[in-house]
Amino acid sequence: MRYGMVIDLKRCSGCRTCSVLCKVANNLPNDIWWNRVLTVGGNYLDTAGGTYENPELHHIPVGCQHCANPACVKACPVGATYKREEDGLVIQDYDKCIGCRMCMVACPYNARSFNWKKPEYRAEYPLGDSDSPEHQYNVVEKCSFCVQRLAKGETPACMELCLARARWFGDLDDPNSEVSKKLKGRQYVRLLEEKGTDPSVYYLK
């Protein structure tokens with residue numbers, strides 16, 4: 001089994017509902033975002049590029065790519081970042097992390113965050129899943145495809161309220177899975193394939 005995600009770029013409207021759901025479900029600290037939605041077009045968020053007659057604007061959601069050949073795992077000196085054999089997910093063990101940030105340097109997707117101070121929250125009480133991970137000071141963290149939800153047979157939070165239904169999640173090794181079916185007959189790209197990381201997130205063109 002190898003978990004992966006398919007994102008249809010033609011459907012994504014850049015609403016960032018996925019980013020907010022991820023933040024709430026995982027009770028992320030202030031200023032920490034595991035799931036970003038980047039703008040391809042102008043020089044600023046949600047601005048178009050190109051010309052007046054032919055503008056260009058689209059969005060690319062980016063988080064951890066859960067690579068089959070993760071550069072971050074090789075860079076971690078203490079094994080705090082590792083790939084699960086049972087499903088291919090790249091996981092961060094907060095208790096082992098020593099805060100060296102070598103994994104952040106190695107990751108070509110800028111998909112990791114660092115808690116420079118004791119985690120702070122705008123809400124006075126925890127949000128999201130009761131079994132979401134406890135965030136710690138001086139450690140690196142990142143998208144986990146919501147492992148706490150997967151353990152209960154649920155899907156990652158970013159998929160729950162995607163207004164355009166632009167995301168699918170499942171087993172890439174199963175030809176009958178929804179993600180495998182979505183890839184059939186469609187052109188797709190993966191980010192920075194030339195880096196040799198073999199990412200598990202596919203973007204339909």
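Just checking, does the range 52-63 include any residue being in contact with an Asp or Glu (Cβ under 6 Å, 6 or more places away or on another chain) and either more than 17 Å from E141 (Cβ to Cβ) or not polar (S, T, N, Q) (or both)?
The answer is no; no qualifying residue exists.
In the range 159-188, which residue that is among the hydrophobic types (A, V, I, L, M, F, W, C) and in contact with a Lys or Arg (Cβ under 6 Å, 6 or more places away or on another chain) is farthest from H58 (Cα to Cα)?
Once the filter is applied, the top-ranked residue is L172.
Only one of D87, D131, D93 is open to solvent by 30 Å² or more (accessible area, probe 1.4 Å), acidic (D, E) and over 15 Å from L28 (Cα atoms); which?
Being open to solvent by 30 Å² or more (accessible area, probe 1.4 Å), acidic (D, E) and over 15 Å from L28 (Cα atoms) holds for just one of D87, D131, D93, which is D93.
For the subset of the range 90-139 comprising residues that are over 21 Å from the mean Cα position of the chain (by Cα) and aliphatic (A, V, I, L, M), which member is nearest to R36 (Cα to Cα)?
The residue in question is A123.
Take the residues of the range 158-205 that are of a type in the set (K, R) and open to solvent by 40 Å² or more (accessible area, probe 1.4 Å): which is farthest from R11 (Cα to Cα)?
K195
Going through the range 1-34 one residue at a time, which ones are in contact (Cβ under 8 Å) with a residue 24 or more places away in the chain, surrounded by fewer than 20 Cβ atoms within 10 Å (Cβ to Cβ) and of a type in the set (V, I, T)?
Matches in the range 1-34: T17, V24, I32.
The values are calculated or read from the model by the stated rules, or taken from the named source; none is laboratory data. From a predicted model like this one, the values you see are computed outputs, not experimental measurements. Because the Cβ atoms are built from the backbone with ideal geometry, glycine has one as well, and the counts that use them run over all protein chains shown. For the accessible areas, the whole protein counts, side chains as well, though only heavy atoms, and no ligand, DNA or RNA atoms are used. Shrake-Rupley method; radii C 1.70, N 1.55, O 1.52, S 1.80 Å.
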